[in-house]
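What follows is a set of notes on a single structure, which appears directly below.
The values are calculated or read from the model by the stated rules, or taken from the named source; none is laboratory data. Keep in mind it's a predicted model, so treat the numbers as computed, not measured. Note that each Cβ is placed from the backbone with ideal geometry, even for glycine, and that neighbours are counted across all protein chains shown. Remember, those area values only see protein heavy atoms, side chains included, never the ligands or the DNA or RNA. Shrake-Rupley method; radii C 1.70, N 1.55, O 1.52, S 1.80 Å.
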Amino acid sequence: MSKLNRKEFLLKSAKIAGGVTLGGVTGGMTYTYFANSEYKKTFPHIPENHIKLPKNGKKVVIVGAGLAGLQAGCELSVRGFEVILLEKTGLAGGKLKTWKDQNFAKKHLGKKGYHREHGLHAIWGFYKNLREFIGRNNFKIKHLGVNDSFYYFVSNRGVESKITNVTWQPPFDRFQMLNRGVYVPSREDLYTPASNVFDTFLVSLKMWGFDFSNERDRLYLDSITFYDWARERGMSVEYIKHFFDALSEMGFFMTTKECSALAVVNFIKLGCQPSDARVDLFQWPPNESFIEPMVKIIEENGGRVLYNEEVSSIERSKEGKVTALRTNEHLPRGKVRRCRICGNIIGPGEVDHCPFCGAHHSEIQLVDLPISSYEADFFVVAGDVPGTQKFISSSRLGGEDPYFAKIQKLTTAHILCVNLLYENSQAWMKRFPEGETSAFDFMPTGFQNLGFTSNWSLIQIPELKEKNVDLIEVQVSNWKELIKKPYLEIAKIVHDELKTILPDLPEFSEFYINHWDNYTGFRPGDEKNRPGIQSPIENLLFIGDWVFVDQHSVFMERTNVMAKSVTNLLLDKIGESKGKITILRSGTPDLATDLLKFVTTVT
């Protein structure tokens, strides 16, 4: 893998930033007043990553056209590989998939239609590699204003904390960032600061100083829930409930009593600097601003993205290499009813939505799923965890090597998103008016059902706000109980609890629900089961946000690091010295926090 400390890049950074290179304890990292200036750019510019190579005669089949697969397809296709992506569903994009629903908000959006997606997606400041990729390809994102904050915490006891943008210089800026977050009301008195603020601050230092490259510490954090780890080190229960339960539900779709300490600490470490904690959003709708442009890059470079292709078996040579993938062998022949969004087969009978993902019934289509075969030199599996586990089972790889057996032990997370449309409503603006209390989202804690909540009328679809429409999305925390109920009943339950925060809400006029069970799990033990990119089969590789890579990264940043890493690996395999991708460190290099690892420990 090509690292940031390549001589050419360091010299260039030092020249531009006027920085100094600190060797030894900092591993040759360049710092400029505690941070490298290239990393401070919205889109880091790495000249050597801007390259296009002639065709090299090698073919790569990528299984899955989600974020990891699409980004790998872009990087490989511009570097001379012939690329074919096989996508199980009828749309590319994976967890950033977006589709037009002509039936929702039709009164307000007309023929333009409403673009449904899995939920609100953030582009954190520490996504340095994803941002480099976005900038290199001139993709559009939605920049949030300097006064916008992603971190507004609302407790069911009426306690609120908004972590606002900072003005102090580093390294003191992070202390200013926590000014509203250090003091959490105690159980006895809502207006008395928690008694162990200092202990809580010391635990924060441990998270800031976490060293991902330390395997012992990494696996230790993987063995325990965040709640147990934080309590053992003296963090206030109130602090955990008020902040970290909300962050855990927002990022990992589970509470701190279920989520591993490693997952939360990874996230806090990467976002501990105010500039890295800030977020932008994908330009709405993301299929037009991000997904379709990636498909276009692949196709313009001779590649193809093929839909309704579910891998069912593999063919191998005598030497053990994969020679071909076969698709759709175990599916019914002839016309079948299939959801275009999630790819599941729908049985007979009328339904008003897909029973698997919640898509409107108009997305259930009659399609032919012919058996096909695809040969290639290399095969890259870029599916989600359930899809990859099914690939291993159908390909009969499970008992062949511990590598594949460990993948089968990985867990998944579920997300239930309820979207409610309110007409003639000023409820959100009354509750969060302009000024210090303004918000486009909030993170509820202590509620039975409410999880991360955002207002699409404010942040993505301003024409709705002009019509006094509140379109509110709630990421439900109590999904295990609610998912058993009829969709209308779910919507009413969420609405009733939402009114405890937004009392002026009228009755909702429309709603829809998305349900996904294929998000990456972050429970204790998941990390030790994450495979590396290279499988025991020489020409079979795996990528995705659930795969291990020796790079401190999470979420969509991990998919981008994976795409770049597998590209470099395949270039090595064919002996191509040109086109190597420089992979940045995720998060801004910072001397203050990097030195913490020498004076604190997570164990």
Point to revise | Theoretical FRET efficiency, 1/(1+(r/R0)^6), r = Cβ-Cβ of A405 and T500, R0 56 Å, to 0.05 | key: 0.75
Study note, to complete from the structure: Calc'd 3J(HN,Hα), region 580-588, phi into Karplus 6.51 cos²θ - 1.76 cosθ + 1.60 (θ = phi - 60°), Hz, glycine/Pro = x, comes to 4, 8, 6, 9, 7, 5, 7, x, 6
Practice item. Pull up all non-local amide H partners of G579: gap of 5 or more, or a different chain, and H-to-H distance under 5 Å with H placed in the peptide plane. Key: none
Exercise for review: Can you tell me which of 382-394, 197-209 comes out highest on packing, and rank the rest after it, using the mean Cβ neighbours within 10 Å?
Suggested key: 382-394, 197-209
Practice item. Measure off 7 Å from each Cα along the Cα-to-Cβ vector at Y220 and N424, then give the distance between these two points in nanometres to one decimal. Key: 6.1
Revision key, fill the gap. Over 19 Å (Cα to Cα) among K55/K318; K257/K492; K59/K321 -> K55/K318; K257/K492
Review point. Cross-link partners among lysines for K52, C-alpha distance below 21 Å, same-chain residues fewer than 8 apart left out?
Key: K3, K296, K564, K573, K578, K580
Point to revise | Inter-centroid distance (Cα atoms) of region 531-571 relative to region 289-335, Å | key: 19
Check your understanding: Applying 1/(1 + (r/R0)^6) with R0 = 25 Å to the Cβ-Cβ distance of T437 and R136, what FRET efficiency is obtained, to the nearest 0.05?
Key -> 0.05
Study note, to complete from the structure: With x for Gly and Pro, the residue-by-residue ³J(HN,Hα) of region 210-215, computed from phi through the Karplus equation 6.51 cos²θ - 1.76 cosθ + 1.60 at θ = phi - 60° and given in whole Hz, is 4, 10, 4, 6, 7, 4
**Study point:** Residues of type aspartates and glutamates that K597 reaches as a straight line, Cα spacing below 15 Å, ignoring anything fewer than 8 places off in the same chain
**Key:** D211, E215, D217
Check your understanding: Around P503, with a cut-off of 10 angstrom between Cβ atoms, what is the net charge of the other residues, counting Lys and Arg +1 and Asp and Glu -1?
Key -> +2
**Study point:** Whole-Å distance, taken between Cα centres, linking region 201-248 and region 456-527
**Key:** 28
**Study point:** At R0 = 35 Å, FRET efficiency that the Cβ-Cβ distance of D228 and K485 yields, to 0.05
**Key:** 0.65
**Study point:** Accessible area of region 507-596 belonging to carbon and sulfur atoms, whole % at 1.4 Å probe
**Key:** 50
Practice item. For E329, enumerate residues with amide H under 5 Å from its amide H, sequence gap 5+ or separate chain, H modeled in the peptide plane. Key: S312
Point to revise | Per-residue HN-Hα couplings for region 107-115 [Karplus 6.51, -1.76, 1.60; θ = phi - 60°; Hz; x = Gly/Pro] | key: 4, 9, 10, x, 5, 4, x, 10, 8
Revision key, fill the gap. Taking 0.36 nm per residue of separation between R316 and V146 and subtracting their Cα-Cα distance, the length gained on full extension comes to 55.7 nm
**Study point:** Where region 211-251 is the region considered: accessible area per residue in Å², 1.4 Å probe
**Key:** 36
Review point. So, in nm, how far is label F201 from label N478 when the simple model puts each one 7 Å beyond its Cα toward the Cβ?
Key: 3.7
Revision key, fill the gap. If the chain between E350 and E463 were fully extended at 0.36 nm per residue, the gain over the current Cα-Cα distance would be 37.3 nm
Exercise for review: State in Å² the accessible area per residue of region 62-120; use a 1.4 Å probe, count heavy atoms of protein chains only, and round to the nearest integer.
Suggested key: 25
Review point. Here are several values of mean projected area of the Cα convex hull in nm²: (i) 32.6; (ii) 27.0; (iii) 45.3. Which one was derived from the coordinates shown?
Key: (ii)
Review point. How many nm is it between the label spots at W168 and T42, if each spot is 7 Å from the Cα in line with the beta carbon?
Key: 2.8
Study note, to complete from the structure: Given 411-420, 583-592, the highest-first ranking by average Cβ count within 10 Å works out to 583-592, 411-420
Check your understanding: Where does the chain land at 222 nm, in deg cm²/dmol rounded to the nearest 500, when only DSSP H runs of n ≥ 4 count, each adding -39500 (n - 2.57), divided by all residues?
Key -> -7500 deg cm²/dmol
Revision key, fill the gap. Sorted by chain and then number, the residues having a modelled amide H within less than 5 Å of the amide H of V305, at least 5 places away or on another chain, are L85
**Study point:** For the chain, share of DSSP beta bridges that run antiparallel, in % to the nearest 5
**Key:** 75
**Study point:** Protection proxy ranking, peptides 144-155, 127-138, average beta carbon neighbours within 10 Å, highest first
**Key:** 127-138, 144-155
